[in-house]
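The values are calculated or read from the model by the stated rules, or taken from the named source; none is laboratory data. Source: prediction; values computed, not measured. When we count neighbours, we look across all protein chains shown, and the Cβ atoms used for this are built from the backbone with ideal geometry, even at glycine. Keep in mind that these areas ignore ligands, DNA and RNA; they rest on the heavy atoms of the full protein, side chains included. Shrake-Rupley method; radii C 1.70, N 1.55, O 1.52, S 1.80 Å.
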Amino acid sequence: MIVGRLFLGLIALQLSLISMPGTAHSLGESYGVLRSGPDAGSITVTYNMRRDQFLQLADLRYFSNAPPLEVVADVVRERYRFFVADNACEQTRFAAVDTEAFLQASFVARCSGDGPIELRNDAFFELLPDHLHFVRVSDTDGGFVAERVMDRANRSWVLPEAPSSALGDVALRYLRLG
């Protein structure tokens with residue numbers, strides 16, 4: 001009798017732990033790849049919005065009949081900006097591409113003036129409150145510099161400078177790593 005109750009209790013516990021499909025909305029996700037350009041103060045920017053998540057927005061009728069790629073390109077152009085001391089960096093070579101998985105906007109940000117470069121990202125946070133934007137910064141050779149997750153509460157980031165690649169600096173970094 002006790003064994004039977006224990007067995008039924010274990011079965012009930014296992015059933016409660018089985019993952020059931022959720023009906024809540026998915027988090028919005030986008031990805032930014034920032035690469036230092038060959039000129040001081042230039043950044044090559046690629047912004048990727050997952051196609052399925054954009055279509056979720058379209059299903060919610062946020063965007064009348066505008067083509068998805070056009071909407072993403074407009075939002076990125078207007079709301080994914082770079083600044084130096086509150087002076088907006090110039091956007092050049094703006095392009096948009098529709099792939100099977102992503103709606104992608106890219107451009108070159110040319111920043112002038114003294115001071116660090118700040119990314120201000122206001123793209124899609126009002127429409128998707130749980131939206132997450134993953135940003136990766138690399139140097140001119142594609143080497144890792146830093147990464148960050150931006151959300152509704154953290155929409156700006158002062159970009160770190162690319163670390164020096166002088167031999168002594170590289171050796172010092174390896175020494176610190178052990």
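Starting from the residue with the highest accessible area, list T140, T92 in decreasing order, probe 1.4 Å. Walk me through the intermediate numbers first.
Numbers: T140 70, T92 30 Å².
Accessible-area ranking of T140, T92, largest first: T140, T92.
If each residue of separation counts as 0.36 nm, what is the full-extension length gain between E70 and A85 once their alpha-carbon separation is subtracted?
Working: separation 15, 0.36 × 15 = 5.40 nm, distance 3.01 nm.
That works out to 2.4 nm of additional length.
Taking a probe of 1.4 Å, how large is the accessible area per residue of the stretch 40-138, in Å²?
Working: 4990 Å² over 99 residues.
With the other protein chains kept in place, the stretch 40-138 gives 50 Å² per residue.
Could you give the nm distance between label points at L55 and R136, where each point is 7 Å from its Cα heading toward the beta carbon?
2.5 nm
Calculate the FRET efficiency for S112 and Y31 from the Cβ-Cβ distance with a Förster distance of 30 Å, rounded to the nearest 0.05. Numbers along the way, then the final one.
Numbers: r = 27 Å, r/R0 = 0.91.
For R0 = 30 Å, the calculated efficiency reads 0.65.
Rounded to the nearest 0.05, what FRET efficiency do R152 and D39 have when you use their Cβ-Cβ distance and R0 = 41 Å? Don't skip to the answer; put the middle values down first.
Working: r = 33 Å, r/R0 = 0.81.
Calculated transfer efficiency: 0.80.
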